[in-house]
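The values are calculated or read from the model by the stated rules, or taken from the named source; none is laboratory data. Remember, predicted model here, so these are calculated numbers, not experimental data. No Cβ is skipped: glycine too gets one built from the backbone with ideal geometry, and neighbour counts run over all protein chains shown.
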Amino acid sequence: MTRAEGLAGALQALEARLVTACAAAGRDRADVTLVAVSKTRPVADVLALRELGVRDFGENRAQEAKEKARAVPDVRWHFVGSLQTNKARSVASYAAAVHSVDRAALVDPLAAGAGRRGSALDVFVQVSLDDDPRRGGAAVADVPALADAVAGAADLRLLGLMAVAPQEAEPAAAFGLLHELAVRLRADHPQARWISAGMTGDLEQALAAGATHVRVGTALFGRREPVLR
Ligand SMILES: *Cc1c(COP(=O)(O)O)cnc(C)c1O
C-alpha cells in the first residue's frame, strides 16, 4: 500500500466517524470543517490529502507553517499552536485562521499582518478550560475583554472560541463548559458562532457539544514521533 492509499483509507474512516458523530448529535456533517493537522508531516502528505479534497490544514509551529504554506499556497492554513508575539505578524501573512489567540498582545501584530495582505484574518480566542497555563488559552475570566479586542480590530474577524480538553478531565464535561462559554460570548458577539474543538481522541464529545471545526492529526496521519525541540 502506498502512502497516498494509506491516507485515503484513513480519510475515509475519519469521514465515517465524523458522519456518525454528527448524526448522533443531530447535526449536519456539512456544518463541520475538518482541519487536517499536518504538523511534523511532510508536504507530500498535504498534497496527497489535497488531491482527496481536503482544503483545510493546521500547523502549530510558525516556521514549519510558513514553509508549508509557501509550498502549498492554494489551501487554507490554520494556525493552532501557541503563538509568540514576534511571529504573529508573519503568521497573519499566510494563515486563513488563527485558533490560538490567548492574549491581547497578539491582536495588534495579527491585525497588522492581515491589513498588509489586504484580507481579514479569522480568529478564535483560545480558552483554558482548567486555567492550566501549560496548555495555553486565556483564563475564562479574561475571555470577554480579549474577544472585544479581537472584534474591535480592523482586519480581524472573531469566529468564536477554541479549546483543548484538559487531559485529566472528562472531555464531555470540558466541552460542555466550552459550549456554555460560547453561548455567553454570542450574547456580546452574535457573529462569533464557531467552536474549534475536538481532536483524534475526543472529536465525538466535541461534536456533541457543538464544535464546528475539528482539528485532527493522528487519525489521518498516524502517530507522530515524539519531537524534542
Ligand atoms: C496536534 C494538535 C491537534 C491534533 O491532535 P491529534 O490528537 O493528533 O488529532 C489538534 N489541536 C492542536 C492544538 C494540536 O496541537
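Data overview
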| quantity | calculated |
| --- | --- |
| Hits in region 26-83 (condition: within 16 Å of the ligand (Cβ to nearest atom), basic (Lys, Arg) and under 13 Å from His213 (Cβ atoms)) | Arg76 |
| Within region 193-209, considering residues that are more than 11 Å from the ligand (Cβ to nearest atom) and within 11 Å of the chain's Cα centre (by Cα), the one nearest to Asn60 (Cα to Cα) | Ile195 |
| Search result, residues across region 107-157 that are out of contact with any Phe, Trp or Tyr (no Cβ under 8 Å at 6 or more places or on another chain) and assigned to a strand (DSSP E or B) | Leu121, Asp122, Val123, Val125, Gln126, Val127, Ala138, Leu156, Arg157 |
| Residue tally, condition of a type outside the set (D, E, K, R) and either surrounded by fewer than 20 Cβ atoms within 10 Å (Cβ to Cβ) or under 16 Å from His78 (Cα atoms) (or both), over region 182-209 | 13 |
| Filter result for Arg17 (of a type in the set (D, E, K, R), more than 16 Å from the chain's Cα centre (by Cα), in a loop (DSSP other than H, G, I, E, B) and within 16 Å of the ligand (Cβ to nearest atom)) | no |
| Every pair of residues 6+ apart whose Cβ atoms lie under 7 Å, when the first sits in region 35-47 and is more than 26 Å from Leu207 (Cα to Cα) and in a loop (DSSP other than H, G, I, E, B) while the second is within 9 Å of the ligand (Cβ to nearest atom) and hydrophobic (A, V, I, L, M, F, W, C) | none |
| The listed residue being modelled with pLDDT of 95 or more, crowded, with 18+ Cβ neighbours inside 10 Å and within 27 Å of Ala120 (Cα to Cα), out of Gly137, Gly152 | Gly137 |
| Pairs with Cβ under 8 Å, 6+ apart, first in region 148-171 and among the basic types (Lys, Arg), second surrounded by 24 or more Cβ atoms within 10 Å (Cβ to Cβ) | Arg157/Leu121; Arg157/Val123 |
| Top-ranked residue in region 211-220 [being in contact (Cβ under 8 Å) with a residue 40 or more places away in the chain and under 15 Å from the mean Cα position of the chain (by Cα); ranked as surrounded by the most Cβ atoms within 10 Å (Cβ to Cβ)] | Ala211 |
| Residue match in region 176-184 (condition: part of a loop (DSSP other than H, G, I, E, B) and more than 14 Å from the ligand (Cβ to nearest atom)) | no |
| Matching residues, region 70-93, being over 15 Å from Arg50 (Cα atoms), of a type in the set (A, V, I, L, M), touching a helix residue (DSSP H, G or I) at 6+ places or on another chain (Cβ under 7 Å) and not in a helix (DSSP H, G or I) | Leu83 |
| Per-region count, region 27-80, residues within 24 Å of Glu5 (Cβ to Cβ), of a type in the set (A, V, I, L, M, F, W, C) and out of contact with any Phe, Trp or Tyr (no Cβ under 8 Å at 6 or more places or on another chain) | 8 |
| Residue check for Arg76: surrounded by fewer than 23 Cβ atoms within 10 Å (Cβ to Cβ) and more than 20 Å from Gln63 (Cβ to Cβ) | no |
